[in-house]
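Accompanying notes for the structure given below.
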Amino acid sequence: MTSHKSDKTYLLPNLNNIPIELKKHNQWVVWKGEKIPYNPKAVNSKASVNHENTWATFEQAKTAYEEGGWSGVGFVLIGDGVAGVDLDSCVIDGIPKPEAMQILVNLGAEYIEFSPSKTGLRAFGFAENLNSGVRGELNGQSVELYTSGRYLTVTGRTIKNQPFSNLQGFADLAKKIRSKFTEETNIHACVHSVPSVNKLMDFPVSVIPIGISQRNQKLFQLARWVKGTEPNASRNRQHEIVKEWHSR
């Protein structure tokens with residue numbers, strides 16, 4: 001396999017360990033750097049979660065990764081029953097925090113892996129489609145839930161590797177996190193520490209400013225993120241996204 005010089009800080013994926021429940025779908029991308037998705041079938045062409053012609057089969061993504069220059073592979077969620085759970089900052093020296101694992105155990109997750117950063121966990125399973133992604137905190141642990149409009153990196157570096165299960169309580173957990181955010185927002189109108197869910201975009205935490213002093217810096221990061229997720233966005237669409245971002 002070709003050496004991946006850009007992967008010094010990332011966990012190298014075990015592609016032979018990727019679950020069949022994901023492999024069988026033609027919803028794969030490759031990624032590098034700031035986790036910007038790229039089309040495995042084209043040369044240095046960015047992928048978009050909104051354009052299926054920029055996705056590929058698992059084998060095509062695997063081949064592109066093995067040819068070199070990429071940090072890993074990712075899977076696009078499209079609301080077809082596959083759901084992803086993302087927990088950040090919950091692994092210390094290779095050991096998951098008990099409270100993070102408990103969240104996944106409570107959901108009944110049978111497939112759990114380490115994230116590329118080596119500090120987070122990712123779980124996949126089956127769940128009903130959410131209207132939009134959900135981000136927030138539960139008992140001090142950051143939690144992100146997705147079923148569509150998002151791509152997630154997949155490492156195959158598993159903690160638990162069993163056939164996918166129905167994630168019991170997935171919708172209830174999403175509702176609980178949303179309710180918690182709404183409650184905190186009503187109390188602290190200017191709080192930005194817990195990202196909200198909006199109807200236009202699921203903004204990543206990295207582009208949300210904490211205080212006015214960060215707005216210029218985060219606006220630059222927003223532009224990079226939009227270019228990566230919606231490379232073909234019209235000028236009107238770009239203005240729509242920025243307007244929504246300013247309303248946060």
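The values are calculated or read from the model by the stated rules, or taken from the named source; none is laboratory data. All of these numbers come straight from a predicted model, not from anything done at the bench. A quick note on method: Cβ atoms are made from the backbone with ideal geometry, for glycine too, and the neighbour counts reach across all protein chains shown.
Brief remarks follow.
- Condition check for P13: within 15 Å of T158 (Cα to Cα) and not in a strand (DSSP E or B): yes
- Condition broken by Y38, with the remaining ones in (1) closer than 23 Å to T158 by Cα; (2) in contact with a Lys or Arg (Cβ under 6 Å, 6 or more places away or on another chain) satisfied: (1)
- Count of the range 143-182 residues, restricted to those that are in a strand (DSSP E or B), touching a helix residue (DSSP H, G or I) at 6+ places or on another chain (Cβ under 8 Å) and polar (S, T, N, Q), is 2.
- Count - residues of the range 45-59 that are out of contact with any strand residue (DSSP E or B) (no Cβ under 7 Å at 6 or more places or on another chain) and either of a type outside the set (S, T, Y) or not assigned by TED's automatic domain parsing to the domain that holds P13 (or both): 5
- Only residues that are small (G, A, S) and over 17 Å from P96 (Cα atoms) were counted across the range 142-157, and they come to 2.
- Residue within the range 153-170 that is surrounded by fewer than 18 Cβ atoms within 10 Å (Cβ to Cβ), among the small types (G, A, S) and at pLDDT 95 or above present: yes
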